[in-house]
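Here is the structure we will look at.
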Amino acid sequence: FPGYLSPSLGLKFADVPNGLAALSKLPVLGGAQMVAFAGLIETTGFFQAESTTDGRGPREGAFAMMDSTETGEPGNYGVGFPNFLGKVDDPEARKSKLAAELANGRLAMMAIIGMFFQDGLTGSAWGDWATYTASPLRAFESELGVQEPVGFWDPAGFTADGDLAKFKRRRSVELKHGRICMMATMGYITPEVIGKLPGYLSPSAGLKFADIPNGLAAISKVPTAGWAQIAAYFGFVEFSGGFTDYKTGTPGDYGFKVLTSSDPAEKTKKLAAEIANGRLAMVAIIGSQATCLRRLV
């Protein structure tokens, strides 16, 4: 606005910054006036109604809000929609507008909290995240897996402490799980697309590959000795590869160079693709198992 916020202090509206920084410029008397005005609206007859004593019990006292009485409608103060612009007579239109008000209010509550949060960290509600240099996440923003559109995404806050050793361990686990899930997903898809291997899975038991159903139903068909062989092979792979990749080198690097390149940019691209595909495979295999389980039950 043009002019003065506080003529006595020589404070112009133009001198007041946007966002949370405005709190430091607001005179104490100005804040008191805002509180007094809000209290006046809340506690005077403008929103007040007669107390009721039926139904849920008495609404006693001098400050009974008209929308909280037995006969009132939550949020309806008799001033129309929206903001004194008139009432809506059509029931369907009124229902639609009230639903929109609730939805917009919920979105606005999230938005204002987000703006407060960003303002407090960067100095502006529209501030650049790069200005928040105190963030412990800075240590990981250039790591593989930080990809658009979400960038560095850690909703559970595992990296909030900025511990690099813990980050490397979790990255190693993520890569291992992603690789397993990529193979598992292909194991789900391949028999459905190209069929099954010829011959016997267990000659001694007379069990052919063709007799094994796809998905989780295969668990009941594989002989116990077969599961023992699978577990032994996984154990061999785990222990021969070791568990120190993230302690002494690059997480996920076991010396088996498949996704590599002499071009650093190309190598980074391939390794980032591995992480992205592994994440997708983890979601895909869970979805496949859930669908399969639903068919079984």
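The values are calculated or read from the model by the stated rules, or taken from the named source; none is laboratory data. Computed from a predicted structure; not experimentally measured. Backbone-built Cβ (ideal geometry, glycine too); neighbour counts: all protein chains shown. Note: areas computed on protein heavy atoms with side chains; ligands, DNA, RNA excluded. Shrake-Rupley method; radii C 1.70, N 1.55, O 1.52, S 1.80 Å.
Observations, loosely collected:
- Among residues of the stretch 246-297, those that are in contact with a strand residue (DSSP E or B) (Cβ under 7 Å, 6 or more places away or on another chain) and at pLDDT below 90, counted: 1
- Looking only at residues in the stretch 209-239 that are in a helix (DSSP H, G or I) and in contact with a Ser or Thr (Cβ under 8 Å, 6 or more places away or on another chain), the one that is nearest to Leu293 (Cα to Cα) is Gly215.
- The stretch 243-297, residues that are in a loop (DSSP other than H, G, I, E, B), in contact (Cβ under 8 Å) with a residue 60 or more places away in the chain and polar (S, T, N, Q): none
- Among residues of the stretch 180-196 being open to solvent by 70 Å² or more (accessible area, probe 1.4 Å) and of a type outside the set (Val, Ile, Thr), the one that is farthest from Leu280 (Cα to Cα) is Lys196.
- Filter result (over 16 Å from Glu274 (Cα atoms) and either modelled with pLDDT of 70 or more or within 18 Å of the chain's Cα centre (by Cα) (or both)) within the stretch 130-151: Leu137, Phe140, Glu141, Ser142, Pro149, Val150, Gly151
- Evaluation of Gly199 against (1) farther than 24 Å from Gln289 by Cβ; (2) open to solvent by 50 Å² or more (accessible area, probe 1.4 Å); (3) over 33 Å from the mean Cα position of the chain (by Cα) (one fails), failing number: (2)
- Residue within the stretch 219-242 that is among the acidic types (Asp, Glu) and either farther than 26 Å from Ala276 by Cα or surrounded by 15 or more Cβ atoms within 10 Å (Cβ to Cβ) (or both) present: no
- Residue in the stretch 231-239 that is more than 30 Å from Ser142 (Cα to Cα) and among the hydroxyl-bearing types (Ser, Thr, Tyr) present: yes
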